[in-house]
1. Criterion first (in contact with an Asp or Glu (Cβ under 7 Å, 6 or more places away or on another chain) and not small (G, A, S)) does F30 satisfy it?
2. Out of G62, G70, G48, I need the residue that is under 20 Å from A109 (Cβ atoms) and not in a strand (DSSP E or B). Which one?
3. Take the range 16-37 and flag every residue that is within 8 Å of the ligand (Cβ to nearest atom) and either of a type in the set (D, E, K, R) or over 24 Å from the mean Cα position of the chain (by Cα) (or both).
4. Answer yes if at least one residue in the range 146-153 is more than 16 Å from the ligand (Cβ to nearest atom), assigned to a loop (DSSP other than H, G, I, E, B) and of a type outside the set (F, W, Y), and no otherwise.
5. Could you tell me which numbered condition A66 fails, if it satisfies all but one of (1) touching a helix residue (DSSP H, G or I) at 6+ places or on another chain (Cβ under 8 Å); (2) crowded, with 20+ Cβ neighbours inside 10 Å; (3) within 30 Å of T170 (Cβ to Cβ)?
6. For the range 49-70, name all the residues that are more than 23 Å from the chain's Cα centre (by Cα) and within 12 Å of the ligand (Cβ to nearest atom).
7. Looking at (1) modelled with pLDDT of 90 or more; (2) surrounded by fewer than 16 Cβ atoms within 10 Å (Cβ to Cβ), which one does E243 not meet, given that it meets all the others?
8. Within the range 138-160, which residues are among the polar types (S, T, N, Q) and over 18 Å from the mean Cα position of the chain (by Cα)?
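The values are calculated or read from the model by the stated rules, or taken from the named source; none is laboratory data. Predicted, not measured: the structure shown is a model, and the values here were computed from it. Positions of Cβ are generated from backbone atoms using ideal geometry, with glycine treated the same way; all protein chains shown enter the neighbour counts.
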Amino acid sequence: MPDIAIIGAGPAGTSAAVYAARADQETYVFHDGGGTTREVDVMENVFGFPEGVSGPELVSLGREHARKFGAEFVDEEVVRIGRTDGEAYEIETTADSYEARGVVIATGASYESPAIKGVDEFEGQGVSYCVECDAYFYRDSTVAVVGAENYAAKEALMLLDYTDDVQVLTNGSEFAADPDLRQRLDDEGIPVRTDRLDRLTGDESVQAIETRDGESIAVDGLFVALGAAGGTDLAEMLGVATEGQYVRTDGSMETNVDRVYAAGDVTGGQRQVNTSVGEGTRAAINLLEDFRDTGEYVDYQKLDDAKSEDGKPEATAD
Ligand SMILES: Cc1cc2nc3c(=O)[nH]c(=O)nc-3n(C[C@H](O)[C@H](O)[C@H](O)COP(=O)(O)OP(=O)(O)OC[C@H]3O[C@@H](n4cnc5c(N)ncnc54)[C@H](O)[C@@H]3O)c2cc1C
């Protein structure tokens, strides 16, 4: 089991990975090919780069740095985080699932609201951004998930725990979930509609979605799952407090959930590379400190000093 799972391989996640891996904790860094830096041609205010640096170049150097200390980069989109029966966290990606003792959420700022009239007005009154949090309120109701990728497909399947009446609405986009997820939707009888959506209607809460073609799709609940799961979506699955599109942390970057930290743009604030790097650093150092406090920290230097005859250290907690 990896010690630390870092969700996001931008400046925040990668700097956390440098510290975690260098402290010889088994560190997995998940990334889905997105991230803000992808779009940045040149940044002139990043510490250590007087000539400027592009976003992709910066991230590539950061990853090389973290890899040097043993961090493992996993090119998979995280779609769900939960707790195991024990004290660990389970990280589910589109391809696999992993367990870790500590988590750093460093997914950058992403919060996509669909361009459908009434979505903001009905938030909390039929519109939800969190299946894990709100599906319970829609037991045996008619629900839809708006989204066109793996995340939407996973959320739709998750809703089956609460109701049989689930559909996916891509809002005009081509449905781009992986083939095995599409097959699972088919097997479960979850229809995928590609109509362009215009507005939500209802009195106190949502009752229907009008399409641009004037059709009315009756729903009691609409779950938004656009793009990849954002940091707040993942955070809410764990009961981590969020504020609007941001994850709430204290000054040490810790959330209200044990051994779950957040860093970088996902926490709001200045949304700059240098601050993201600083927050990633702080998150990793404090998480390592938590491991020490609970006796879970493995000090490999000490183990090296006391290597057994076959040269393999026997892992024991401090
Ligand atoms: C056009 C533009 C110009 C900018 N110029 C500057 C500048 O000049 N100077 C400056 O300091 N800052 C600048 N910024 C801001 C800077 O890019 C961000 O502050 C910084 O990248 C934030 O780092 P981060 O690690 O928090 O998030 P990001 O860099 O956004 O990284 C997020 C990571 O999370 C991963 N991820 C997200 N969701 C998932 C998921 N579900 N599963 C797996 N992985 C996931 C992504 O793959 C990515 O690796 C600019 C931003 C933009 C858009």
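1. Details: in contact with an Asp or Glu (Cβ under 7 Å, 6 or more places away or on another chain): yes; not small (G, A, S): yes.
So F30 fits the description; yes.
2. Checking each option against the conditions leaves just G62.
3. D32
4. No; the residues of the range 146-153 include none that is more than 16 Å from the ligand (Cβ to nearest atom), assigned to a loop (DSSP other than H, G, I, E, B) and of a type outside the set (F, W, Y).
5. (3)
6. Scanning the range 49-70 gives F49, G52, V53, S54.
7. Checking E243 against (1) modelled with pLDDT of 90 or more; (2) surrounded by fewer than 16 Cβ atoms within 10 Å (Cβ to Cβ), the one that fails is (1).
8. S141, T142 - these are the residues of the range 138-160 that are among the polar types (S, T, N, Q) and over 18 Å from the mean Cα position of the chain (by Cα).
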